[in-house]
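Encoded as structure tokens, the structure appears first; notes follow it.
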Amino acid sequence: MYSTGPWMSTASVTGGTTLLVRGPAMTRKTDVVVRTLAADDDAETGTVLVTTDDSPSALWRRYRAHVPAADPRSVGIVDATGGNAGNRPTGTTADEYAADGSDPRVATVGSPADLTGVGMTVSKLLEALVVQQALDRVRLGLLSLNTMVMYADDERVVKFLHAMCRRVDAVDGFGLVVVHTDGFDERLDSQFEAFVDGAVEVRERDPDGVETRLRGRGETTDWTAVEFDDSDSHPDTPASAGVSGGPAAYPVPESLHAAIAAAEDERPTLTLCNCDATDGDGDSLRSYFESRDVPVRTATLDASTPRNVALLHRGEELVAATTVDALTDAIVVESDDAFDRRQQPDVLKALSDDAHGARGVDRAFLVEVSRVVEMRGYRTGAGRVDAGFQALSNLWGDPRARRIYERLVDSGVEVHVYGVPDAPTPADAGVVVHPSESEEIRDSWFVVHDGAGDDSGKAALVAEERDPGVYHGFWTRTPGRVDAVGTYLRNAYPA
């Protein structure tokens, strides 16, 4: 049995159980998961945490804040942020622990889109806990599925969750998977629920706090108030001496449209040369890469060799090459108990998530990406968020959006909002308003978080409405590019 502590409306669950922890953004679902796992930490228990947003060091601090005696050798963290903390090569694991025993094992995966890489790494770390550490109980915390959905197509994410549930069941473990429901596709949400054993639903409780209930496993519990010790309510707040700027410098754009155009110009192309792949394999590659904003083309060369080669290139500049078979094998998400251990091809290693494109997307998709950027600011509890709503009524007339930005202000973030002044700003809103009638503001949707002095916390979304309800743009976590967009906004639209 696994104890769930006082946060989940049930005292314990049996081995082999995986639960979604789902609810609106900024309802402390990650806190619920981290504290639940930490409360049940003991000498016979191991934990694997998958992070797609927070740095491994920040996540480890959050965990250890609740269980100071946690043995780092019994904890593994999969860094799927794409930031490659510690500059380890993608796919590697830090098997040497810190001399003072303070750091867990950390494995890096190149991107939240590399679901096969994440699955392989989770399997490796679970195996290490069960076989090498000889632990009787293991838990998995996945934080969160939303970022993966941004980078990978729905079908692959559903298969990935299914595989993770089967892996948890195979080791008689306990899994918790965070899902933010704001802007989330209900059909996809129902598919997720089909593979798990139940859901811990989280909702806000007036006047403050949250409530949880368990739905599934043959029962629906009553709503239970969750109490948090907020002596350190924002454990991810970076040190004031955080680095800014990063190694890559980006010029301040002349406009948001220019920033989008520059990001589009830098995207690579994948060309399949002399390809004998079946239609199914070709469709799989196309779906995978186009969901990462990499167009896929085919070419027949005059020479008969080489055959079945995949070339990643920018214009005529070759970035990386590998065989089509190796590339196809590497992106397959198995719906089995474990992932095969494969070598990552050079093409996947070379893919950069510097600026991930969003072309022809709707408002629901932009809401999903916006929540990821906003959550970074909220978890940091510091720094500055610049958000463009096209019209201010889109903020003040939408209860969900208004709640998000009230939470950001309450957390300590300096919030600046932009838009056509078609609705009054509440006197107690606590935000800095940048009203504008400009065409750029009227057509642009953006959210930028400056990281509060820490490059690892920076993120930005920039999009423009080119047709009614249809947007084109990009999102990025590259510090220099985020800084350039933020500087443009401050210069072009003073308060």
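Under 21 Å Cα to Cα from K458, which lysines show up? Leave out anything in the same chain fewer than 8 places away.
Once the sequence-local lysines are set aside, nothing remains near K458.
Can you work out the Karplus-derived ³J(HN,Hα) for every residue in the range 144-161? Use 6.51 cos²θ - 1.76 cosθ + 1.60 with θ = phi - 60°, whole Hz, and x for glycine or proline.
My calculation for the range 144-161 gives 9, 6, 4, 5, 5, 5, 4, 9, 10, 6, 4, 4, 5, 5, 4, 4, 4, 4 Hz in order.
Order these by the 10 Å Cβ neighbour count, fewest first: C273, C165.
The most exposed by this proxy come first: C273, C165.
Could you order peptides 46-58, 125-137, 142-154 by the average number of other Cβ atoms within 10 Å of their residues, highest first?
46-58, 142-154, 125-137
Per residue of the range 45-56, what does 6.51 cos²θ - 1.76 cosθ + 1.60 with θ = phi - 60° give for ³J(HN,Hα)? Whole Hz please, x for Gly and Pro, Karplus curve as stated.
10, x, 9, 10, 10, 10, 10, 10, 10, 7, 5, x
Need the full-extension length gain, T298 to V252, defined as separation in residues times 0.36 nm minus the C-alpha distance. One decimal, nm.
Between T298 and V252, full extension yields 13.0 nm more.
What shape does the range 355-492 have by the C-alpha gyration tensor, where a ≥ b ≥ c are the square roots of the eigenvalues, rounded means a/c under 1.5, and otherwise prolate means a/b greater than b/c and oblate the rest?
Here the range 355-492 falls in the rounded category.
Fully extended, how many nm does the chain gain between A134 and R307 (0.36 nm per residue separation, minus their Cα-Cα distance)?
Numbers: separation 173, 0.36 × 173 = 62.28 nm, distance 4.67 nm.
Gain in length upon complete extension: 57.6 nm.
Rounded to whole Hz and in sequence order, give me ³J(HN,Hα) for the range 322-331 from the Karplus expression 6.51 cos²θ - 1.76 cosθ + 1.60, θ = phi - 60°, writing x for Gly and Pro.
Values, residue by residue: 7, 6, 5, 4, 5, 5, 4, 4, 6, 9 Hz.
We did not get these values from a lab; they are worked out from the coordinates using the rules stated. Quick caveat, the model's predicted, so the values are computed rather than measured. Virtual Cβ from ideal backbone geometry, glycine too; neighbours counted across all protein chains shown.
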